[in-house]
Amino acid sequence: MTAPVGGVMTDEVGAVTGDLEVWLEDKTVRTTYAGSTDTYTVTGSPLTEEASLEQVVGHLRRDPGADESGNARSVDVRDLGVQI
């Protein structure tokens, strides 16, 4: 998937952008840059609700818009249960 403008927020390194691989390990959402071996936990993991990989990726592709200063916001899975 391609991350939205503000990226996907991770616990380890902050926002990651560009082409990403995303997968589930039980209820933990993991990501990496396409082709990389470094992996990261998407902020908000583990999920509190069951979700399919398709639902997770659809959620992470959404653009959450800009903050009050006009900076692009990053997306995470903290509110995924509300979206599905």
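Using the structure shown, decide if G44 is out of contact with any Lys or Arg (no Cβ under 6 Å at 6 or more places or on another chain), outside any helix (DSSP H, G or I), free of Cβ contacts under 8 Å to residues at least 40 places away in the same chain and on the phi > 0 side of the Ramachandran plot.
So G44 fails the test.
For the subset of the stretch 46-75 comprising residues that are of a type in the set (A, V, I, L, M) and under 13 Å from A15 (Cα atoms), which member is surrounded by the fewest Cβ atoms within 10 Å (Cβ to Cβ)?
A72
Looking at the structure I just gave you, is G58 within 14 Å of M1 (Cα to Cα), modelled with pLDDT of 95 or more and among the small types (G, A, S)?
Spelling it out, G58 is indeed within 14 Å of M1 (Cα to Cα), modelled with pLDDT of 95 or more and among the small types (G, A, S).
If only one of T17, T41, T31 is under 11 Å from the mean Cα position of the chain (by Cα), open to solvent by 50 Å² or more (accessible area, probe 1.4 Å), among the polar types (S, T, N, Q) and modelled with pLDDT of 95 or more, which one is it?
So the residue among T17, T41, T31 that is under 11 Å from the mean Cα position of the chain (by Cα), open to solvent by 50 Å² or more (accessible area, probe 1.4 Å), among the polar types (S, T, N, Q) and modelled with pLDDT of 95 or more is T17.
On the given criteria, is L80 at pLDDT below 95, buried (at least 16 other Cβ atoms within 10 Å of the Cβ) and of a type outside the set (V, I, T)?
In short, yes.
The values are calculated or read from the model by the stated rules, or taken from the named source; none is laboratory data. Since we're looking at a predicted model, the values are computed, not measured. Virtual Cβ from ideal backbone geometry, glycine too; neighbours counted across all protein chains shown. Areas reflect the complete protein model, heavy atoms only, side chains present, ligands, DNA and RNA absent. Shrake-Rupley method; radii C 1.70, N 1.55, O 1.52, S 1.80 Å.
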